[in-house]
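Any read-out appearing in this document is the output of simple, stated calculations on the displayed coordinates, not a laboratory observation. These numbers come from a predicted model, not from an experiment. Neighbour counts run over all protein chains shown; Cβ positions are idealised from the backbone, glycine included.
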Amino acid sequence: MRTAFDLIIAPLVTEKSNGMVAEKKYAFKVKPDAGKIEIGRAIEELFKVKVKSVNIMNYSGKPKRAGRSAIMGKRPDWKKAVVTLSEGSIEII
């Protein structure tokens, strides 16, 4: 059984995510194999709030060069979750 700390990696603090706070939406970087229901339960457990909905987006890692050589590497794939709260708010900072 995975705990809430295993699923939620970090809050995403960007210009766009700060603008969503007025609409009671918060963005988090989560484990790539986490599902919507698991993420919602983890947020409710960690922050003691009521989750209305969870939207998830999968991002592919960008290709990057490894030093001066022509060998191409890749950044890791990751998943973002946007959580809409029905009541309450989250203190991120």
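Length gained on full extension, M20 to N58, computed as 0.36 nm times the residue gap minus the Cα-Cα distance: 11.8 nm.
Say we join alpha carbon atoms closer than 10 Å with springs in a Gaussian network model of the chain; which of I43, I71, I56 then has the biggest fluctuation? Answer for the Gaussian network model of the chain: I71.
Between 0 and 90 degrees, the angle of helix 36-47 with respect to the longest Cα principal axis of the chain falls at about 60 degrees.
Total lysine pairs in the chain at Cα distances under 15 Å, for residues eight or more apart or on different chains: 22. Taking each residue as 0.36 nm, the span from K36 to S69 lengthens on full extension beyond its C-alpha to C-alpha distance by 7.8 nm. With unit charges on the beta carbon (Lys/Arg positive, Asp/Glu negative), name the residue among N55, A81, A66 whose Cα is farthest towards the positive pole of the charge dipole of the stretch 54-93. Result: A66. Dipole magnitude for the stretch 4-87: computed about the Cα centre from +1 point charges on Lys and Arg Cβ and -1 point charges on Asp and Glu Cβ, it is near 500 debye.
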